[in-house]
1. Would you be able to tell me the number of residues in region 44-74 that are exposed (fewer than 10 other Cβ atoms within 10 Å of the Cβ) and in a helix (DSSP H, G or I)?
2. Restricting the first residue to region 45-67 and requiring it to be at pLDDT below 75, which pairs with a second residue that is polar (S, T, N, Q) meet a Cβ separation below 8 Å and a spacing of at least six or different chains?
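The values are calculated or read from the model by the stated rules, or taken from the named source; none is laboratory data. The structure presented is a predicted model; accordingly, all values stated were derived computationally and were not measured. Glycine gets a Cβ as well: all are built from the backbone with ideal geometry, and neighbour counts include every protein chain shown.
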Amino acid sequence: MVQERRNHNMCKHCERHNRPHPPHRPPRHENSFLTGALFGAAIGALLGILYAPKAGKETREELKEKADDVARKGKEKAQQMKEKVVPVVEEIQEKAAPAMEKGKEVIQDIKSRIEDFKDELADEQSEQNDDKPKKNYFRKSN
């Protein structure tokens, strides 16, 4: 039996958890337009050069210039991305450092407690063994 949805604007997940359905948005790709435009421009330039009525040497020189231009733009884009990412990574590392230190301290504390507990168990077991009468299997019988 198929249950009818109360609100046709809600997906099954949101309805199941009784949450309002968030508006659907396409994923954000801030640089996708720029990347597409650069890629399209490079392909257009390449096709334009290949089909232009020029001598082979001129065409090769233009191709080299365009390839150098694309490589330069790619390096610039990589540098821009690096300039954006490095501060974020440094901030994350800076904020995570105290938590990492605290985690190391907690782990060390747990390890020392386990060692203490093991020592206590060994002492108890040793005491219990000392309290029992020892059997001498090699004693001479009378």
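1. Looking only at that region, the number is 3.
2. Matching pairs, first to second residue: 49/59; 50/59; 52/59.
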